[in-house]
Structure formats: structure tokens, C-alpha cells
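I have placed the structure first, in the form of C-alpha cells, so that the comments after it can refer back to it.
The values are calculated or read from the model by the stated rules, or taken from the named source; none is laboratory data. Since we're looking at a predicted model, the values are computed, not measured. Accessible surface areas use protein heavy atoms only, side chains included; no ligands, DNA or RNA. Shrake-Rupley method; radii C 1.70, N 1.55, O 1.52, S 1.80 Å.
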Amino acid sequence: MVPSSPSLPHVEAWIFDLDNTLYPSSSRLFDQVSRRITLFLMSLFQIDEAGARERQRALFRRHGTTLRGLMLEHGVEPSEFLDFVHDIDVAVMAPAPLLDQALANLGGRKLVFTNGSVPHAERILERLGIGRHFEAIHDIVASDYVPKPDPAPYLALIERHGIEAERTAMVEDMAINLKPAHALGMTTVWVKTEHDWAAPGEDAGHIHYRTDDLPAWLEGVASYR
């Protein structure tokens, strides 16, 4: 049974995923990114949309991200890919005043840990109106293009930013990405979405807390601190 109590007095640092975590998946923002990935593959391989989507899924399954697969299997330049797929309309998202207030009340260090890029994250944080709360963005470039849930970028994040895992909470919509955090001793928070592929399946032992309303959950934590 995953506990619902948000009393976390030992947590001194908060690590937040970006896409579908700091903004609601209902905005369909990441759908734009996925569509841009498909278009990139259609152009790169000169194939139709159906073929590009199948290749996109296959690369993701084998390597954790489409980009990692394109780099390893096809020698694609990562900056070209990232610039193309993140050329999206962030105006579909509404600003997030409730999340802004919850982050302000929460206290502690706050960082973004994303398989995306810093420019992509900065645009989203600016649109949401919450960028002021984060001291750093640890992106796919800082992770040497090795994506979550590979343990290597978690260790790189900890080392680069001087984080003590046992006093850190990680918040993420993809449950599998919380497994390495749990193994390192972090408190894990799963943000539930409507996407089945983001769910933990039968094994939820690596999840300490879960929520489908991140601002309200964080306010609950803040009230205990």
C-alpha cells in the first residue's frame, strides 16, 4: 500500500521531472514533441508516418529515448534533433499560479531533472511562471545523452549538485524512472497521468507516494514543514 501522508520533514532537496510532471499531461504539450520526433524520422529515413512511428517506438524501447537510439545506431547529431523536436507551441499551457505558490511554500533546494534540453525546460518554466524556484536544470546534455532510467545520470546529478540522496525527494510521472532514485535512497513521488505507459505496473515497491494533483500534494507537504 502506497502511503498518502505528505509528512516529509527529512527532505532538504527536491528533484522534479519536467514533461507531464510540472505541467499537466492534459495540456497535450508532449504530444507536440512526439509529433516532431515522428516528422524528424520521416525526413531522416524518407519513410511514411506509420513507418516513422514504428521506428520511433522501437528506438525508444531499445535505448530509453529515440535520441539515444538515433545517436548510437545512426550517428545523428543530438543538437539538430533537440532543436527540431522542441520547436513547439508552449502557449497551449496555462500559467500555474497554484504550483508557483506551492513551490514557494515548500522550501528546500529545487532542481529539474529531464531527458529534454535546458532551452526546452526554460521555455516551459517561464510559461508556467515557476522558473524562479529552481537552482539548476540537469538535462540530457549534462547526462552525456544517457537518459533516465539509466543510473548514470542520477549519479552525475548527485555529484554535480552535491545532493545527499537520503535527504532528497524525486517527483516524476514515469514510474520506472523512480526506480534508480529509490535504489539510491531518495523518497519517490509518482505523479499519475492517464498514460498507461507511465504507470508502475505490478511492481510499485519503488514508489513511496503518489498523487494526481501535484500542487495540492506539495501544499500538503509544506503544511507539515
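Calculate for the chain the 222 nm mean residue ellipticity that helices alone would give, adding -39,500 (n - 2.57) per DSSP H run of length 4 or more and normalising by residue count, nearest 500 deg cm²/dmol.
-13000 deg cm²/dmol
At what distance in angstrom do the alpha carbon centres of region 162-199 and region 13-40 lie from each other?
16
With a/c under 1.5 counting as rounded, go ahead and sort region 82-225 into rounded, prolate or oblate using the C-alpha gyration tensor (a ≥ b ≥ c being the square roots of the eigenvalues; past the cut-off, prolate if a/b is larger than b/c, else oblate).
In terms of gyration-tensor shape, rounded.
Indicate the gyration tensor shape class of region 51-123 (rounded, prolate or oblate), computed on the Cα atoms with a ≥ b ≥ c the square roots of the eigenvalues: a/c under 1.5 is rounded; otherwise a/b larger than b/c is prolate and the rest oblate.
prolate
If I compute solvent accessible area with a 1.4 Å probe over the protein chains, what percent of it on region 72-162 is carbon and sulfur?
In region 72-162, the share of accessible area belonging to carbon and sulfur is 52 percent.
Taking amide H positions as placed 1.01 Å from N in the peptide plane, with prolines and chain starts having none, which residues 5 or more places from GLY116, or on another chain, fall under 5 Å of its amide H?
Placed amide hydrogens put ILE140 under 5 Å from GLY116.
Cα gyration tensor of region 1-94, axes a ≥ b ≥ c as square roots of the eigenvalues: rounded (a/c below 1.5), prolate (a/b > b/c) or oblate?
Prolate.
When only C-alpha pairs under 8 Å and at least 6 residues apart count, what is the relative contact order of the chain, in percent?
28
Compute the accessible area per residue over the chain, keeping the other protein chains in place, probe 1.4 Å, unit Å².
It amounts to 46 Å² per residue over the chain.
Find the relative contact order for region 142-206 and round it to a whole percent, using C-alpha pairs within less than 8 Å whose residues are 6+ positions apart.
27
On the full set of protein chains, 1.4 Å probe, figure out the accessible area of LYS192 and give it in Å² to the nearest 10.
80
Hey, what did region 33-89 get for relative contact order, percent, Cα under 8 Å, at least 6 apart?
38
What does the extension gain come out to for ALA204 and GLU159, with contour length at 0.36 nm per residue minus their alpha carbon separation?
13.5 nm
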